[in-house]
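The values are calculated or read from the model by the stated rules, or taken from the named source; none is laboratory data. Keep in mind it's a predicted model, so treat the numbers as computed, not measured. Here Cβ is always computed from backbone atoms with ideal geometry, including for glycine, and neighbour counts include all displayed protein chains. Quick note on the areas: whole protein, heavy atoms, side chains included, nothing else; ligands and nucleic acids left out. Shrake-Rupley method; radii C 1.70, N 1.55, O 1.52, S 1.80 Å.
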Amino acid sequence: MQTSGRRLVPLQLQEIKLQKLKEMFISKFGSAPKFYARAPGRVNLIGEHIDYCGYAVLPMAIEQDILIAVEPVQTQVVQLANTNSSYLDFTTSVNNVQINKTKPQWHNYFLCGLKGIQEHFGLNNPTGINCLLDGTIPPSSGLSSSSALVCCAGLVTLRANGKTLSKVELAEICTKSERYIGTEGGGMDQSISFLAEEGTAKLIEFSPLRATDVRLPSGATFVIANSCVEMNKAATSHYNIRVMECRLATKLLSKSKGLEWKNMLRLHDVQTKLGVSLEEMLTIVEEVLHPEPYSAEEICKCLGITLEELRSQILSQNMQDVSTFKLHQRAKHVYSEAARVLEFKKICSEAPANALQLLGELMKQSHISCREMYECSCPELDRLVDICLQFGAIGSRLTGAGWGGCTVSMVPTDKLNTFLKNVKKAYYQTDGQRLAVENNSLFATKPGRGALVFVEA
């Protein structure tokens, strides 16, 4: 396509992308797609590892997305293909969806969304589909490529079978269905994918799920930088161990306060039952939980149960061999991070003169807590945060699950170009491997729109 030397605007780029996807679809399947589904990635500005504990988070959708071209077919077969040839084609019966937890391959995330919608509606005779997927979210980068794929697959299945749901219902179904792959997520990624709106970040609260606009301050731009260390939540145990440590902390705190600990699953539940503030919960954590790791035997002693009861009633199947649990540190992070989220929103709402400095301080505190209390950082992320702060970021922190992936930094808009140039030089151009992917690894972003289904105009 000729562009006459003009700079392409995002809408033109989207049209070119769509046309390429359509041509590839026709080449692959011999007919044109009937509709398209899109779901964005996200960046979490603050509130890490607290959604599954019941606490509010503060993400925004990004421009990078999953885009799927779709054709419903008469045969009860799902055919999946990817524009990236390193992701292999996959075909299965629409009536016999099997998800392999041991191998978190790309098609399994699609099958999570498919199965979630099928089961919600009890579809006995689901429609077969041909799908071609194109993705621009870097995989295993903490920007929610896997959840975007689950959400997009949910939308595809919904439309192909002529069903409708609200955005909140879709988010809740996709949150549950992603657990088919073995990740005990809390719902932030799916919620922002559906509930995002252009121009605003969102405070996402749970039970019930709701989203509130958060207008970010002018004068600053959020910049995402990829550490180029990949981390797949479903492929490692780090993430699920943290979920379990929070659950065990919930039970010990509940028991110490005379609550019905057997029914308590989330740290938020303890605060709600006790009717105290987050600051008071932090004091209770210091009083009740010791900083030294707990053995399984000590946890049993605290709860008055046997090791067999712990393993069969509390620990999930993939946690049976874990021997020690850090409960004090995990609970301390969750309650302090939950308070930082509320403070971040308050500052955005009130917009004091020093808003940027206050927000930056919260981001820095969040990263320190993720690194020291939750231990979900890594040397590359810590170095990247330090580089970003060194070259003018007001605040910087890891974003996403951690153990790799990306940082998010708040940078004065008037210093953005210098910042990008310096970070590129200091982090990416000192390493050949990082240099190869730097174009897609460091970019400014702004709040994007949520997931949608559309047909060609």
Notebook entry, point to check: So what J values fall out for region 94-106 if you push phi through Karplus, 6.51 cos²θ - 1.76 cosθ + 1.60 with θ = phi - 60°, rounded to Hz, Gly and Pro as x?
Noted result: 5, 8, 9, 7, 10, 10, 8, 5, 6, 10, x, 7, 4
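Heavy atoms only, 1.4 Å probe, whole protein assembly: order ILE241, ILE129 by accessible area, highest first.
Most to least solvent-accessible, the answer reads ILE241, ILE129.
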Next item on the list: Estimate the FRET efficiency between GLU456 and ASN124 by the formula 1/(1 + (r/R0)^6), using the beta-carbon distance for r and 25 Å for R0, to the nearest 0.05.
Entry: 0.20
Next item on the list: Express in whole angstrom the spacing between the alpha-carbon centres of region 94-125 and region 377-401.
Entry: 37 Å
Notebook entry, point to check: If ligands, DNA and RNA are left out, what is the accessible area of SER218 with a 1.4 Å probe, given in Å² to the nearest 10?
Noted result: 110 Å²
Note to self: Antiparallel versus total DSSP beta bridges in the chain: what percent is that, nearest 5?
What the structure shows: 90 percent
Check: Please identify the trypsin sites (Lys or Arg not before Pro) of region 91-191 that satisfy two criteria: DSSP loop assignment and at most 14 other Cβ atoms within 10 Å. Which are they?
Finding: LYS101, LYS163
Margin query: Leaving out ligands and nucleic acids, and using a 1.4 Å probe, what accessible area per residue does region 101-146 come to in Å²?
Written below: 36 Å²
Item checked: Helical contribution to [θ] at 222 nm, DSSP H n ≥ 4, -39,500 (n - 2.57), averaged over the chain, rounded to 500 -> -13000 deg cm²/dmol
Notebook entry, point to check: With a Cα-only, solvent-free Debye model of region 193-251, what are the log10 I(q)/I(0) values at q = 0.22 Å⁻¹?
Noted result: -1.01
Check: Residues with beta-carbon under 15 Å from that of GLN64, excluding GLN64: net charge, scoring Lys, Arg +1 and Asp, Glu -1?
Finding: 0
Notebook entry, point to check: If Lys and Arg each add +1 and Asp and Glu each add -1, what is the summed charge of the other residues whose beta carbon sits under 14 Å from the beta carbon of LEU123?
Noted result: +2
Next item on the list: Once you have the Kirkwood Rh of region 227-299 from its Cα pairs, apply Stokes-Einstein at 20 °C and 1.002 mPa s and quote D in µm²/s.
Entry: 156 µm²/s
Notebook entry, point to check: Using the heavy atoms of the protein chains alone and a 1.4 angstrom probe, what is the accessible area of region 355-457 per residue in square angstrom?
Noted result: 45 Å²
Notebook entry, point to check: Between ALA393 and residues 5 or more places away or on another chain, which pairs have amide H atoms under 5 Å apart, with H built 1.01 Å from N, and which residues are they?
Noted result: none
Check: Can you pull the percent of the chain's accessible area that's carbon plus sulfur, 1.4 Å probe, other chains left in place?
Finding: 49 percent
Item checked: Other-chain or far-sequence residues with amide H under 5 Å of ALA220's (modelled H) -> THR413
Next item on the list: Determine the gain in length on full extension of the stretch GLU260-GLN105; use 0.36 nm per residue of separation and subtract their C-alpha separation, reporting nm with one decimal.
Entry: 51.8 nm
Next item on the list: Apply the Karplus parameterisation 6.51 cos²θ - 1.76 cosθ + 1.60, with θ equal to phi minus 60°, to every residue of region 346-357 and state each ³J(HN,Hα) to the nearest whole Hz, in sequence, with x for glycine and proline.
Entry: 4, 5, 4, 6, 7, 6, x, 4, 9, 3, 4, 5
Item checked: Average silhouette area of region 267-389, convex hull of alpha-carbon atoms, in square nanometres -> 10.0 nm²
Check: Considering only ASN226, ALA69, HIS333, whose Cα is most displaced toward the positive end of the charge dipole of the chain, charges sitting on Cβ of Lys, Arg (+1) and Asp, Glu (-1)?
Finding: ALA69
Next item on the list: Provide the per-residue ³J(HN,Hα) series for region 315-320, in order, calculated from phi with Karplus coefficients 6.51, -1.76, 1.60 and θ = phi - 60°, each as a whole number of Hz, with x at glycine and proline positions.
Entry: 6, 6, 4, 7, 10, 4
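Please report the relative contact order for the chain, taking Cα pairs under 8 Å with a sequence separation of at least 6, and give it as a percent rounded to a whole number.
22 percent
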Margin query: What does the charge count around SER191 come to, taking other residues whose C-beta lies under 10 Å from its C-beta (Lys +1, Arg +1, Asp -1, Glu -1)?
Written below: 0
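Taking only protein heavy atoms into account and a 1.4 Å probe, give the accessible area per residue of region 233-328 in Å².
Values: 4860 Å² over 96 residues.
I get 51 Å² per residue for region 233-328.
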Next item on the list: Quick one: which residues, 5 or more positions from VAL214 or on another chain, have an amide H under 5 Å from its amide H? H modelled 1.01 Å from N in the peptide plane, none for Pro or chain starts.
Entry: ALA201, LYS202, LEU203
Next item on the list: For region 139-203, just the Cα atoms, rotate onto the principal axes and tell me the three extents in Å, largest first.
Entry: 33, 32, 19
Notebook entry, point to check: Hey, what does the equivalent ellipsoid look like for region 306-356, semi-axes from the Cα gyration tensor as sqrt of 5 times each eigenvalue, largest first, whole Å?
Noted result: 41, 10, 8
Check: Using only the Cα atoms of region 334-427, what do you get for the radius of gyration and for Dmax, in Å?
Finding: 13.4, 37
